[in-house]
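Remarks on the structure that follows.
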Amino acid sequence: MKQRIIILAVAALVVIVSILIGTSHQTDVKTAGMGINLNTANDTTISNNNVSASVQKDNDKEELAQIMLVSGWTKQQNGLYVGYNMVGTVSTQFGVACPVLAFKAGADFDSFKLEAKVGQFGRNTITTTGFDAQFGNDCVLLGESATASKAAQLSYISKNTVLSVGHQGGESVYKFNDGSWYLCAQQGIGNVRVSGGVDFAEETKGFAAANWSDGKHHSVTVTGNNLGTDAKNCVLSYTCNRIPMKKFMLNFGSAFYFQKGKSGMRLVAGLTKGKMQFFTEAGGYLAQNVVKPTFGGGLNYNF
């Protein structure tokens, strides 16, 4: 019964988001189009590439060394566009991996876009951010971003509204006789974004998320993933980024996470100067009625 209530709640969120189309146009959901705003020109090519390296160690895990490449490219001409989005990592935790590799094609009708996408990608662009690489990896393993694999998706994008229907998990992106269908939606309302979705698989599950940001330094995010299953989880976070402090930028974050059999919290503080960020962290988690503290530190470098 509880699982059905959770799924119905997520489905209701999707319906509510759908009804909100056109009610607010203050914030563009740019990430739905692979992070690129295509309204700037009628004939343009946009390429974004970012490489970052992280090294860190805490008392609970092995030392993490990770290099991440985030790449995106879009070509638009006469209202039609094609592109790709990729996230690749070389990591001591995951080895060589490409968790995101998606190709897209669409048509821009000025007031709205229709976009088709295939590959492996996250359906939810609202995720926990502002923390070290290890915590980001852990959130991905918890189910954040609601990754779809071997997926084919069709989206309607209008200003700050995204509605999507897709199929994933089959033998290939071209066959629909196996795998499962899903629905998902995202809506921006001023400084708030909400999203939700439902997978209609053998084990029906859903996700829901919300984010508030002041557009400068402060952000609050809550995510719930794998809802309706034993693997359900929730992450609540607050981040305060790039506060000027003499020659450095101060970054601070706190997060609380809850999942079956384990819950905990994490505090992260860091200093950024140029492309380098040094950080320390502390926290703890409760598992099997035993509290275990965690602490550590590391650095990130953005090329």
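The values are calculated or read from the model by the stated rules, or taken from the named source; none is laboratory data. Every value quoted in this text rests on a predicted model; they were computed, and no experiment measured them. Note: ideal-geometry Cβ built from the backbone for every residue, glycine included; neighbour counts use all protein chains shown. What goes into the accessible areas is simple: the full protein's heavy atoms, side chains included, and nothing from ligands, DNA or RNA. Shrake-Rupley method; radii C 1.70, N 1.55, O 1.52, S 1.80 Å.
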Number of the exception - PHE248 against (1) modelled with pLDDT of 90 or more; (2) surrounded by fewer than 18 Cβ atoms within 10 Å (Cβ to Cβ):
(1)
The one condition CYS184 fails out of (1) touching a strand residue (DSSP E or B) at 6+ places or on another chain (Cβ under 7 Å); (2) under 26 Å from ALA255 (Cβ atoms); (3) hydrophobic (A, V, I, L, M, F, W, C); (4) modelled with pLDDT under 95 is (4)
Check on GLN168, out of contact with any Asp or Glu (no Cβ under 9 Å at 6 or more places or on another chain) and surrounded by 20 or more Cβ atoms within 10 Å (Cβ to Cβ):
no
Can you work out which of the residues in region 179-199 that are over 15 Å from SER149 (Cα atoms) and part of a loop (DSSP other than H, G, I, E, B) is most open to solvent (accessible area, probe 1.4 Å)?
ASN191
Just the residues that are at pLDDT below 90 and under 19 Å from PHE295 (Cα atoms), please, taken from region 251-266.
LYS262
Kindly check whether there is at least one residue in region 141-154 that is in contact with a Lys or Arg (Cβ under 8 Å, 6 or more places away or on another chain) and within 30 Å of ILE243 (Cβ to Cβ).
yes
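Conditions tested, residue by residue: (1) open to solvent by less than 60 Å² (accessible area, probe 1.4 Å); (2) out of contact with any Asp or Glu (no Cβ under 9 Å at 6 or more places or on another chain); (3) assigned to a loop (DSSP other than H, G, I, E, B); (4) modelled with pLDDT under 95.
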residue: LYS150; (1), (2), (3), (4): no, no, no, yes
residue: GLN153; (1), (2), (3), (4): yes, no, no, no
residue: LEU163; (1), (2), (3), (4): yes, yes, no, no
residue: TYR174; (1), (2), (3), (4): no, yes, yes, yes
residue: ASN177; (1), (2), (3), (4): no, no, yes, yes
Condition first: aliphatic (A, V, I, L, M) and more than 14 Å from SER155 (Cβ to Cβ). Now tell me which residues in region 96-141 satisfy that.
VAL96, ALA97, VAL100, LEU101, ILE126, ALA133, VAL140, LEU141
Give me a count of the residues in region 261-280 that are open to solvent by 20 Å² or more (accessible area, probe 1.4 Å) and part of a strand (DSSP E or B).
12
Return yes when SER164 is small (Gly, Ala, Ser) and in contact with a Cys (Cβ under 7 Å, 6 or more places away or on another chain) and no when it is not.
yes
From ASN50, ASN78, which residue is touching a residue at least 24 places away in the same chain (Cβ under 8 Å), open to solvent by 10 Å² or more (accessible area, probe 1.4 Å) and on the phi > 0 side of the Ramachandran plot?
ASN78
Check on VAL220, open to solvent by 20 Å² or more (accessible area, probe 1.4 Å) and under 16 Å from the mean Cα position of the chain (by Cα):
yes
The one condition in (1) surrounded by 22 or more Cβ atoms within 10 Å (Cβ to Cβ); (2) in a loop (DSSP other than H, G, I, E, B); (3) charged (D, E, K, R) that GLU202 fails to fulfil
(1)
Is it true that some residue in region 72-85 is within 30 Å of GLY264 (Cβ to Cβ) and at pLDDT 90 or above?
no
Among ALA210, ALA231, ALA255, which is within 19 Å of the chain's Cα centre (by Cα) and exposed (fewer than 15 other Cβ atoms within 10 Å of the Cβ)?
ALA231
